[in-house]
Amino acid sequence: MILLTGGAGYIGSHVCIALLDAGFDVVAIDNLCNSNRASLDRVEAICGRAPVFRHVDIRDEEAVFEVLRACGVTAVIHLAGLKAVGESSADPMTYYDNNVVGTMRLVSAMKRAKVKTLVFSSSATVYGMPTYLPLDERHPLAPTNPYGRTKLIVEEMLKDLYRSEDDWRIGILRYFNPAGAHESGLVGEDPIGVPNNLVPLVAQVAIGRRAKLRIWGNDYDTPDGTGIRDFIHVVDLAAGHLSVLRHLEQPGVFTVNLGTGSGSSVLEVVRAFETASGRSIPYEIADRRTGDVAICCADPSFAQRTLDWKSARSLAQMCADHWHWQLKNPDGYRDI
Ligand code: NAD
Ligand code: UFG
């Protein structure tokens, strides 16, 4: 039985599908602060069987311990957390509480339950401003915002944990830019409020929920002047978690990038989405967003070598799947 924290969220619901499809049993916990319980009903519709769901906050150590014990959990995939960069600067304590204290409580419950296999969702944001590209796992770590610092603190905390008890099996996954949706169009990203990220925003413009996209700067040192990111299909990202679980048969701490190795500019994403949706995406060029870098792109070779995993889906597929989800669910899970 795998415990999936943040299991009702965007990446969580896709990881849940991957696990169920691979034959694992899953118990998902979530406090639903940024998600909808309906996502897991959709997971059941796709997989033909349901994950167990418990409405639990990871900061509630007793409740987490009870789930671990009662469900016979053998490994934890930990995705629960807050992830809005701007909000983390405005309200850093909430981020430290959720992401750092939350992980401390989770680990404490795991120690008590003697569950010592943990996969943690970190982020490429821990690299900060690239000093060289593409970003490999040895690149210096210098996050530029509180959200990124919570991820780095947890990474360091988990390494200290392993140094103190060397029977832990820990996988630290640095995600690049997840986008897209399951091919069924039944689960996808359903951000509450105005999306912070490019692809959900573009999708909401395409569907008519927002009038236009603001492109944050077209004067970067890139071929078309707009920022370049490593967009990875969320289904490929979810598959990466299975490879990591298989890899964690030996004790140790393992840190790996999950990206594609190929970057797309904001304008390329807009054009790919226009092609996928058959709609035009009105946009205007605005000032650069504070803290943005010109290019953020993974070196995914360590993942390929050690996990025998690499992303398979193209940007066109990502936009087509994201659009399929958006079209079927114009108001996300609130349509239900
Ligand atoms: P999401 O908000 O859709 O999912 C996170 C889930 O965690 C939500 O369902 C939320 O309700 C839940 N949650 C938050 N705090 C909780 C708490 N204290 N107790 C229990 N549940 C709680 O976000 P996502 O995009 O699916 O991200 C999942 C993880 O991946 C996060 O840790 C995020 O930081 C990380 N990540 C995401 C991205 C991205 O661009 N989406 C990039 C890098 C890393
Ligand atoms: N962008 C726009 N307009 C928007 C939103 C984004 O032009 O309305 C541009 C950004 O300036 C950037 C690109 O689109 O050039 C991607 O921006 P996102 O906000 O989608 O993604 P980021 O790369 O800034 O950050 C994301 C997550 C972080 C995570 C990081 C990992 O938000 O949490 O990817 O690489 F850490």
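The values are calculated or read from the model by the stated rules, or taken from the named source; none is laboratory data. Keep in mind the model is a prediction, meaning the values are calculated, not measured. Glycine gets a Cβ as well: all are built from the backbone with ideal geometry, and neighbour counts include every protein chain shown. SASA here: full protein model, heavy atoms, side chains in, ligands and nucleic acids out. Shrake-Rupley method; radii C 1.70, N 1.55, O 1.52, S 1.80 Å.
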Unique match (being of a type outside the set (A, V, I, L, M), under 20 Å from Cys319 (Cβ atoms), touching a Pro at 6+ places or on another chain (Cβ under 9 Å) and more than 16 Å from ligand 1 (Cβ to nearest atom)) among Arg169, Arg209: Arg209
Long-range neighbours under 8 Å by Cβ, at least six apart or interchain, first residue under 24 Å from Thr290 (Cα atoms) and within 16 Å of ligand 1 (Cβ to nearest atom) within the stretch 110-136, second open to solvent by 50 Å² or more (accessible area, probe 1.4 Å) and assigned to a helix (DSSP H, G or I): Thr125/Val85
Subset tally (residues that are surrounded by 22 or more Cβ atoms within 10 Å (Cβ to Cβ) and among the acidic types (Asp, Glu)) for the stretch 43-78: 0
Residue among Leu4, Leu40, Leu19, Leu32 that alone is surrounded by fewer than 22 Cβ atoms within 10 Å (Cβ to Cβ) and hydrophobic (A, V, I, L, M, F, W, C): Leu32
Scan of the stretch 269-294 for residues that are buried (at least 17 other Cβ atoms within 10 Å of the Cβ), part of a helix (DSSP H, G or I) and not β-branched (Val, Ile, Thr), ordered by number: Ala272, Phe273, Ala276, Ser277
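Tally the residues that are small (Gly, Ala, Ser) and more than 15 Å from ligand 1 (Cβ to nearest atom), restricting the search to the stretch 137-156. Lay out the reasoning, then the answer.
Applying the first criterion (small (Gly, Ala, Ser)) to the stretch 137-156 yields 142, 148.
Of the ones still in play, those that are also more than 15 Å from ligand 1 (Cβ to nearest atom) are 142.
Matching residues across the stretch 137-156 total 1.
Okay, residues lined up against (1) surrounded by fewer than 23 Cβ atoms within 10 Å (Cβ to Cβ); (2) within 15 Å of ligand 2 (Cβ to nearest atom):
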{"position": "Ala124", "(1), (2)": "no, yes"}
{"position": "Pro140", "(1), (2)": "yes, no"}
{"position": "Pro146", "(1), (2)": "yes, yes"}
{"position": "Arg169", "(1), (2)": "yes, no"}
{"position": "Phe176", "(1), (2)": "no, yes"}
Cross-chain or 6+ apart pairs with Cβ under 8 Å, the stretch 295-320 first and at pLDDT 95 or above, then among the hydroxyl-bearing types (Ser, Thr, Tyr) and open to solvent by 40 Å² or more (accessible area, probe 1.4 Å): Cys297/Ser262; Ala316/Thr275; Cys319/Thr275
Test for Val43: is it at pLDDT 95 or above, in contact with a strand residue (DSSP E or B) (Cβ under 7 Å, 6 or more places away or on another chain) and of a type outside the set (D, E, K, R): no
Cβ pairs under 7 Å, 6+ apart, first in the stretch 219-231 and of a type in the set (Phe, Trp, Tyr), second away from ligand 2 (no atom under 11 Å from the Cβ): Phe231/Leu315; Phe231/Met318
Tabulated pairs, the stretch 187-200, first buried (at least 17 other Cβ atoms within 10 Å of the Cβ), second of a type in the set (Ser, Thr, Tyr) and at pLDDT 95 or above, C-beta under 7 angstrom, 6+ apart or interchain: Val187/Ser13; Val187/Ser39; Glu189/Tyr10
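For the stretch 1-83, please list each of the helices (runs of 4 or more DSSP H) lying entirely inside it that holds at least 1 residues being more than 20 Å from Lys114 (Cα to Cα) and either without any contact (Cβ under 8 Å) to a residue 40 or more places away in the chain or away from ligand 1 (no atom under 15 Å from the Cβ) (or both). Let's see the steps before the verdict.
Numbers: elements: 10-21, 38-47, 61-71.
Qualifying helices (runs of 4 or more DSSP H): 10-21, 38-47.
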Members of the stretch 295-310 that are part of a loop (DSSP other than H, G, I, E, B) and open to solvent by less than 30 Å² (accessible area, probe 1.4 Å): Cys297, Pro300, Trp309
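Do you know which residues across the stretch 79-108 are under 16 Å from Glu62 (Cβ atoms) and buried (at least 23 other Cβ atoms within 10 Å of the Cβ)? Even if it seems obvious, please write down each step before you answer.
Residues of the stretch 79-108 that are under 16 Å from Glu62 (Cβ atoms), as a first pass: 101-102, 104-108.
Residues satisfying the conditions are Gly102, Leu106, Val107.
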